[in-house]
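The values are calculated or read from the model by the stated rules, or taken from the named source; none is laboratory data. Fair warning: this is a prediction, and the values are worked out from it, not measured in the lab. Reconstructed Cβ throughout: ideal geometry from the backbone, glycine too, with neighbour counts over all protein chains shown.
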Amino acid sequence: MSRRWSGDWARPLPEPEPAEVDVLIPCYGRPAELAVALAGLAAQDAPGFRVVLSDQTEPEPVWEDPAVAAMVRVLRCQGRPVQLEHHLPRRGMAEQRHYLLSLASAPLVLYLDSDVWLEPDMLHRMVSAIRQARCGFIGAAVQGLSYLPDERPDEQRPFELWDGPVLPERVRRDSPGFGRWTLHNAANLAHLARDLQIPPGGWRLYKVAWVGGCVLYDRQALLDCGGFGFWHRLPPGHAGEDMAAEWQVMEKYGGAGMIPSGAVHLESPTTVPDRRVEAADVVLDS
């Protein structure tokens with residue numbers, strides 16, 4: 001059922017659809033980017049979803065910004081529940097993600113960075129893909145569209161489709177699969193999708209090293225692998241917590257990337273500048 005009402009906002013609020021997906025968004029500053037991300041969610045027609053924001057902006061939460069507040073109202077008027085959490089103090093991204101997971105209840109959880117815009121049918125495609133593949137996660141690598149003129153065939157060379165079922169695999173820095181990380185640089189995935197000529201609305205799944213920015217998990221699979229419960233073993237200044245969690249899920253349940261990706265990176269500066277500690281190096285195989 002379409003949620004686009006052509007401006008008829010004064011009607012009574014619709015009953016929320018059962019949430020098949022909890023969209024979990026860690027936030028810190030960047031109100032303009034977050035408003036764009038929420039606008040992308042408001043354009044999704046299916047499936048039923050709930051949005052949970054965990055914000056660590058001080059002193060006032062990011063949803064006090066007028067543009068963010070407006071998009072929260074739009075989602076709620078569509079019958080999409082939005083939960084707002086001002087979660088302090090800051091203990092690092094792994095703890096942020098762990099906290100968001102503790103608030104989730106839907107069978108699927110989408111971790112969406114606050115600076116990512118989704119094409120209108122993206123959530124439907126990702127949910128369809130994970131249901132068909134029956135794996136632990138489906139990732140949509142974020143595309144930097146300013147790089148469309150920048151063709152990088154050498155970085156695209158590790159690309160490999162899943163031609164059969166998505167199988168569990170072990171990826172570490174010293175394994176051949178780690179070389180796939182270059183696929184998600186610049187606009188490599190957009191160039192690969194162009195060459196595959198996939199029909200509109202279709203997708204293929206491919207093998208990944210990991211995926212950042214937009215990852216749909218089977219929530220129980222993520223919990224079975226410990227989620228982000230390793231956060232307390234990390235200093236607040238760390239990076240790569242998503243890679244560590246994905247590698248654990250991949251090893252037990254398998255994971256894949258979706259091509260074409262309808263996730264667009266807004267190319268704003270990172271909010272995690274301190275990357276001296278890589279989570280996977282601390283929490284895996286130690």
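Selection within the stretch 176-202: residues that are surrounded by 12 or more Cβ atoms within 10 Å (Cβ to Cβ) and in a loop (DSSP other than H, G, I, E, B). The member of this set that is farthest from the chain's Cα centre (by Cα) is ILE198. Residue check: is GLU95 more than 19 Å from LEU41 (Cα to Cα), of a type in the set (Asp, Glu) and buried (at least 22 other Cβ atoms within 10 Å of the Cβ)? Judged against the criteria, GLU95 is a match. A Cβ distance below 8 Å, combined with a sequence gap of six or more or placement on separate chains, defines the contacts here; from the stretch 12-35, residues that are of a type in the set (D, E, K, R) reach residues that are modelled with pLDDT of 95 or more and in a helix (DSSP H, G or I) in the pairs GLU20/VAL127; ASP22/LEU103; ASP22/ARG219; ARG30/VAL62.
One residue stands out in the stretch 68-94 among those that are closer than 16 Å to THR57 by Cβ and touching a residue at least 60 places away in the same chain (Cβ under 8 Å): the one that is nearest to the chain's Cα centre (by Cα), namely MET93. Of the residues making up the stretch 32-67, those that are part of a helix (DSSP H, G or I) and within 19 Å of the chain's Cα centre (by Cα) are ALA32, GLU33, LEU34, ALA35, VAL36, ALA37, LEU38, ALA39, GLY40, LEU41, ALA42. The set of residues in the stretch 75-116 being hydrophobic (A, V, I, L, M, F, W, C) and either under 13 Å from LEU222 (Cα atoms) or touching a Gly at 6+ places or on another chain (Cβ under 6 Å) (or both) consists of LEU100, LEU101, ALA104, ALA106, LEU108, VAL109, LEU110, VAL116. When VAL74 is tested against the conditions (1) part of a helix (DSSP H, G or I); (2) surrounded by 22 or more Cβ atoms within 10 Å (Cβ to Cβ), the lone failure is (2). Looking at GLN248, GLN220, just one residue is in contact with a helix residue (DSSP H, G or I) (Cβ under 9 Å, 6 or more places away or on another chain) and assigned to a helix (DSSP H, G or I), and that residue is GLN248. Within the stretch 213-253, being at pLDDT below 95, surrounded by fewer than 19 Cβ atoms within 10 Å (Cβ to Cβ) and either among the small types (Gly, Ala, Ser) or touching a strand residue (DSSP E or B) at 6+ places or on another chain (Cβ under 8 Å) (or both) holds for one residue alone: GLY237. Answer yes or no as to whether ALA140 is closer than 17 Å to LEU41 by Cβ, buried (at least 17 other Cβ atoms within 10 Å of the Cβ) and in contact with a strand residue (DSSP E or B) (Cβ under 9 Å, 6 or more places away or on another chain). So ALA140 fits the description; yes. The set of residues from the stretch 103-134 being hydrophobic (A, V, I, L, M, F, W, C) and part of a loop (DSSP other than H, G, I, E, B) comprises ALA104, ALA106. Going by what's in this entry, would PRO158 be described as surrounded by fewer than 18 Cβ atoms within 10 Å (Cβ to Cβ), modelled with pLDDT of 95 or more and either at negative phi or not in a helix (DSSP H, G or I) (or both)? For PRO158, the condition - surrounded by fewer than 18 Cβ atoms within 10 Å (Cβ to Cβ), modelled with pLDDT of 95 or more and either at negative phi or not in a helix (DSSP H, G or I) (or both) - is not met.
Here PRO81 meets the list (1) surrounded by fewer than 22 Cβ atoms within 10 Å (Cβ to Cβ); (2) modelled with pLDDT under 95 almost entirely, failing just condition (2). In the condition set (1) part of a loop (DSSP other than H, G, I, E, B); (2) out of contact with any His (no Cβ under 9 Å at 6 or more places or on another chain), ALA141 is compliant with all but (2). So for the stretch 261-282 (the condition being more than 17 Å from the chain's Cα centre (by Cα), surrounded by fewer than 17 Cβ atoms within 10 Å (Cβ to Cβ) and at pLDDT 95 or above), does at least one residue qualify? The answer is no; no qualifying residue exists. All of (1) surrounded by 17 or more Cβ atoms within 10 Å (Cβ to Cβ); (2) closer than 27 Å to PRO107 by Cβ; (3) acidic (Asp, Glu) hold for GLU33 with one exception: (2). Report yes if LEU100 is hydrophobic (A, V, I, L, M, F, W, C), in contact with a Ser or Thr (Cβ under 8 Å, 6 or more places away or on another chain) and part of a helix (DSSP H, G or I), otherwise no. For LEU100, the condition - hydrophobic (A, V, I, L, M, F, W, C), in contact with a Ser or Thr (Cβ under 8 Å, 6 or more places away or on another chain) and part of a helix (DSSP H, G or I) - is met.
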